[in-house]
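Every read-out reported here was derived from the displayed coordinates using simple, explicitly stated rules and does not represent laboratory data. What you are looking at is a predicted structure, and each value in this text was computed from that prediction instead of being measured.
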Amino acid sequence: MSAVRLADLTIVWTGTDSVTPAGHVLVHGVDSTGLHRLCLYAGDTPNDDAYRGHLLIPPDNHGQRYLPTRTTAYGPGGAYVSSIGDHTAMLARLANRDAK
């Protein structure tokens, strides 16, 4: 899994909410396979250069061996980051990777 480009998503929602880390913006998009991704971008406007990673939100009871069974965070290069905690905690982990 590699970086998720904005052009490859059907955008459902863009903005900030109670789970958005400070200094970041979220994009909820659906990819070409129908999977929902909650992408995190540094700054207040999403752009591919500011991409910090995403949460892959698999469909309930999907039965596909290649998909995780729960929401999972992936970093900007596509590497697994975490499936521990709630969405807020996983997004914070992605945002805090910038500080390292």
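For the Cα atoms of the chain, what angle does the longest principal axis make with the long axis of helix 87-96, in degrees from 0 to 90, nearest 10? Helix 87-96 sits at roughly 50 degrees to that axis.
Under the criterion of Cα pairs below 8 Å and six or more residues apart, the relative contact order for the chain equals 24 percent. The H on the amide N of S82, modeled in the peptide plane, is under 5 Å from the matching H of A73, each at least 5 residues off or on a different chain.
Helix-only mean residue ellipticity at 222 nm, the chain, DSSP H runs n ≥ 4 weighted -39,500 (n - 2.57), per residue, nearest 500. What is it?
So the helix-based figure for the chain works out to -3000 deg cm²/dmol.
Given the choices (i) 42, 28, 19; (ii) 77, 26, 16; (iii) 36, 28, 25, Cα extents along the principal axes in Å derived from the coordinates of this structure is entry (iii).
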